[in-house]
Amino acid sequence: MQQQNKFRFKSGNRSCCLLSKLFLLFVNLKRKVCSGIQEMKIWLSEHVFEHDWDTVVKAAWRKYPNPLKPEVTGIDIVNRELGPDGILRTDRVIRTEWRVPSWATKLIGLKNPSYAHEYSEVDTQSKRMLLRSQNLNCRNFVCVEETLKYVPHPTEANKTLMTQAASISVYGVPLISYMENMLVNMFRFNSQKGCQAMEWVINNIKREYEEISNKMNGDYKPLVSPALEA
């Protein structure tokens, strides 16, 4: 998959910092559009990964590109910094394709591609990864905000608990309730595919480790005295 470079900036560049600040200001203004909405659909979910927290977080960073999530067509880092508190904070732009019926896109005016802003925090001390995302375009009639959290399982240290929450609001278009329910069902399906996509990445990571380990063992030939071999 070809990465989109439109939003990628090099850290430490003065123009990069300015563009990052402008981008985050734009995100905050967009967020205010949804602040006055009174009705929305809320969707909650939990999933337990049979892997430790470190492994799951590595997979989360390497989740895309992924054959199980073809609707995600590009990810670019806008800003990343490691704070004095040891928390890694990252802003990314995610490029996706709406996978909804063509009649629905025509009815409410959805256009592809769609862009979302994702803000994440990784705290390796407390072992917590938090991701918040919201759509950037089409916000004049739909607001989608999602929160993901990865923490060690409370009773089984070798497992990871993922909690997911999404709020969906559609307004100013026909069939509002139907559209909201359709998007909720889409979230439910995407959540299941997302967990499968994570497992796919984790399997790849484990295979890479095994290949490296086997290669190192194969390249290592201890010096043994011929007399000892005899």
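Each residue, E46 and I77, gets one label point 7 Å from its Cα in the Cβ direction; the gap between the two is 3.3 nm. Over all projection directions, the Cα-based convex hull of the stretch 118-188 averages an area of 5.8 nm². How much net charge surrounds D85 when only other residues with a Cβ under 14 Å from its Cβ are counted (Lys, Arg +1; Asp, Glu -1)? Residues near D85 contribute -1 overall. Taken over the stretch 64-167, the percentage of Cα pairs per 5 Å bin, counting from 0 up to the bin with the maximum distance, is 2, 11, 16, 20, 19, 14, 9, 5, 3, 1. Label sites at E199 and R62, each approximated as a point 7 angstrom past Cα along Cα to Cβ, lie 1.8 nm apart. Count charges around N112 for me, please; just the other residues with Cβ under 13 Å from its Cβ, Lys/Arg as +1, Asp/Glu as -1. So the surrounding residues net to +2.
Other residues lying with their Cβ under 12 Å from the Cβ of N66 contribute a combined charge of +2, Lys and Arg counting +1, Asp and Glu -1. Backbone geometry of the stretch 47-58 corresponds, through the Karplus equation with coefficients 6.51, -1.76 and 1.60 at θ = phi - 60°, to 3J(HN,Hα) couplings of 8, 10, 8, 7, 9, 5, 4, 4, 5, 5, 5, 4 Hz, x marking Gly and Pro.
Take each peptide in 139-146, 110-117, count the other Cβ atoms within 10 Å of every residue, and average; sorted highest first, the result is 139-146, 110-117.
Every Cα-Cα pair in the stretch 14-207 was counted, and those over 32 Å apart are 18% of them. Taking all Cα pairs closer than 8 Å and separated by 6 or more residues, the relative contact order of the stretch 73-166 comes to 19 percent.
Bear in mind that the values in this text are calculations on the coordinates, not laboratory data. Please read all numbers here as calculations on a predicted model, not as lab measurements. Glycine gets a Cβ as well: all are built from the backbone with ideal geometry, and neighbour counts include every protein chain shown.
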